[in-house]
Amino acid sequence: MAATTGTTPDGGTVEVLPAVGRFDDFALVAGVQKPGAGGCWCMSYRDSRLNNLERPLYMADECSRDPGPGVLAYVDGEVAGWCSIAPRSSYRRLMNSRTIPFLEGPVAPADAWVAVCFVVRPKFRRQGLMNALLEGAVEHARAHGARVVEGYPIESETPGKVDVISGYVGTTRLFERAGFERVAETTAHSGGRVRWVMRREV
């Protein structure tokens, strides 16, 4: 996949690239650096049964081969953010979810690619990187044959501020800006906000 590019509000150069061959950069954004420390390592939807030692090994393997587990954003060459994007069938938790439904569409639901998680390093926040990450994620999925990309973001219109932890799945406003359409409200919640199935054909 060729890099998707853009700029930050202050003129920095943004590139979004596949995580393949970039495990160290992934670990800097979404991993835990202290030996033995807990952390998601973006495994919550993949297989949360793995322990703290197994999770980085799993993701290192994913980053070693195509299509990889997602995309990374770089600002002026420094890794700044992460988006997990992969076929729904690769996310064990989603395949067994009771709150995020399978919905009929132009492809089999399990074959849709899904953007499930966004992480932006603190020093790079409020620069529009989630927009760049989502667009880069869609292009990455398209380059690997995806016909549909889904996301399950939280409702933007609910009053109150979206905190960083609750907003890791993205917001409906973010996905709508990227051309996604609301398909159905789910029974899943994050930070007290309802989550939606949103879909974009690619």
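The values are calculated or read from the model by the stated rules, or taken from the named source; none is laboratory data. Owing to the predicted nature of the structure, the values given are computational and were not obtained by experimental measurement. A quick note on method: Cβ atoms are made from the backbone with ideal geometry, for glycine too, and the neighbour counts reach across all protein chains shown. When the accessible area is computed, the model is the full protein with side chains, heavy atoms only, and any ligands, DNA or RNA have been set aside. Shrake-Rupley method; radii C 1.70, N 1.55, O 1.52, S 1.80 Å.
Kindly identify segment 43-91 as rounded, prolate or oblate by the Cα gyration tensor criterion: order the square roots of the eigenvalues as a ≥ b ≥ c, call it rounded if a/c is under 1.5, otherwise compare a/b with b/c, prolate if a/b is larger, else oblate.
On the way: a/c = 2.02, a/b = 1.58, b/c = 1.28.
It comes out prolate by the Cα gyration axes.
When you count, for each residue, the other Cβ atoms within 10 Å and take the mean per peptide, how do 92-104, 17-29 rank with the highest first? Could you put the intermediate results ahead of the total?
Details: 92-104: 13.4, 17-29: 19.2.
Ranked by mean Cβ neighbours within 10 Å, highest first: 17-29, 92-104.
In deg cm²/dmol, rounded to 500, what helix-only [θ] at 222 nm does the chain give when every DSSP H run of at least 4 residues adds -39500 (n - 2.57) and the total is split over its residues? Don't skip to the answer; put the middle values down first.
On the way: 6 runs with 46 residues, N = 202.
My calculation for the chain gives -6000 deg cm²/dmol from helical runs alone.
Using only C-alpha positions, report the orientation-averaged shadow area of the convex hull of segment 91-163, nm², one decimal. It would help to have the intermediate numbers written out before the result.
Working: hull surface 26.0 nm².
Averaging across all directions leaves 6.5 nm² for the Cα convex hull.
Counting only protein heavy atoms, what percent of the accessible surface of the chain is carbon or sulfur at a 1.4 Å probe? All intermediate terms of the calculation are to be shown ahead of the outcome.
Numbers: 4850 of 9630 Å².
That share works out to 50 percent.
Under the 0.36 nm per residue contour assumption, what length would be gained going from the current alpha-carbon distance of LEU53 and ALA108 to full extension?
Working: separation 55, 0.36 × 55 = 19.80 nm, distance 3.42 nm.
Difference between extended and current length: 16.4 nm.
Would you please classify the overall shape of segment 17-152 from the alpha carbon gyration tensor, given that a ≥ b ≥ c denote the square roots of the eigenvalues, rounded means a/c under 1.5, and beyond that prolate means a/b larger than b/c while oblate covers the rest?
Cα axes put segment 17-152 in the oblate bin.
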